[in-house]
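Data block below; observations after.
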Amino acid sequence: MGMPSTKEARLFYRCAKLRFDEALILLKAEKLTGAVYLAGYGIECMLKALILAASPASDVTEILKLFRGGRAHDFEWLRSIYIKLGGSRFPLDIREKFVAVSHWSTELRYTARSLPEEEAVLFLNMASEILNWADRRM
């Protein structure tokens, strides 16, 4: 496990870890929609940490501006930015996990129903594997 060198990347990295830890607490408490929402937010933050870690220091301010707006929550868009910056391509198993979690959206904030337990557990398992892979890239 690495720690990003820039303060901006470290902030997103720490947030990714915290949001996922909180997701596990919510899963244990059977607050399944909240667990999936926070796990997805953890993936988003980790992708942003990867992007910032791959960015030249002179570009960080501009990169942070890209993180505003709706597309900044889109895993595929974030992945493409990371690769454009020279980040390593995602291995097949991680790409498959991204496909499995790609339905995640900030719209979950407005979902009053609880997701099925099986769906939530699967999502958190996929998120854990994605986060562990990304962690090794730092």
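Within a straight-line Cα-Cα reach of under 15 Å, Lys48 can be paired with the following aspartates and glutamates, leaving aside sequence neighbours fewer than 8 residues apart in one chain: Glu8, Asp59, Glu62, Asp74, Glu76, Asp135. Contact order, relative form, for the range 17-138: 39 percent (alpha carbon pairs under 8 Å, 6 or more residues apart, mean separation divided by residue count). How big is D, in µm² s⁻¹, for the chain by Stokes-Einstein at 25 °C and 0.890 mPa s if Rh is the Kirkwood radius over C-alpha pairs? D = 163 µm²/s. The charge dipole of the chain, taken about its Cα centre with unit charges on the Cβ of Lys, Arg, Asp and Glu (plus for the first two, minus for the last two), comes to roughly 480 debye.
Applying a DSSP loop filter and a limit of 16 other Cβ atoms within 10 Å to the trypsin sites (Lys or Arg not before Pro) in the range 65-138 leaves Arg68, Arg89, Arg113.
Which is farthest toward the positive dipole end of the chain among Leu131, Ala49, Ala39, measuring Cα position about the Cα centre, with Cβ charges +1 (Lys, Arg) and -1 (Asp, Glu)? Of Leu131, Ala49, Ala39, it is Ala49. Amide H contacts of Met138 (H built 1.01 Å from N, in plane; Pro and chain starts excluded): Gly2 sit under 5 Å, all sequence-distant by 5 or more or on other chains. A cut-off of 5 Å between modelled amide H atoms, ignoring neighbours fewer than 5 places along the same chain, links Thr6 with no other residue. Each residue of the range 50-56 is assigned a 3J(HN,Hα), and the resulting list reads 4, 4, 5, 5, 8, 8, x Hz, derived from the Karplus form 6.51 cos²θ - 1.76 cosθ + 1.60 (θ = phi - 60°), x at Gly and Pro.
Beyond 27 Å between alpha-carbons counts as too far, so tell me which of Lys7/Lys31; Lys31/Lys65; Lys28/Lys84; Lys28/Lys65; Lys28/Lys97; Lys31/Lys84 fall in that bin. Beyond 27 Å between Cα atoms: Lys7/Lys31; Lys31/Lys65; Lys28/Lys84; Lys28/Lys65; Lys31/Lys84. What's the angle, to the nearest 10 degrees (0 to 90), between helix 92-101's Cα axis and the longest principal axis of the chain? It works out to around 50 degrees. Only helical runs count toward this figure. For the chain, summing -39,500 (n - 2.57) over DSSP H runs of n ≥ 4 and dividing by all residues gives -22000 deg cm²/dmol at 222 nm.
Using the Karplus relation 6.51 cos²θ - 1.76 cosθ + 1.60 with θ = phi - 60°, the per-residue 3J(HN,Hα) values for the range 124-138 come to 5, 5, 5, 4, 4, 5, 5, 5, 5, 4, 4, 4, 6, 8, 6 Hz, with x marking Gly and Pro.
Every number in this text was worked out from the coordinates using simple rules, so none of it is lab data. Since we're looking at a predicted model, the values are computed, not measured. Backbone-built Cβ (ideal geometry, glycine too); neighbour counts: all protein chains shown.
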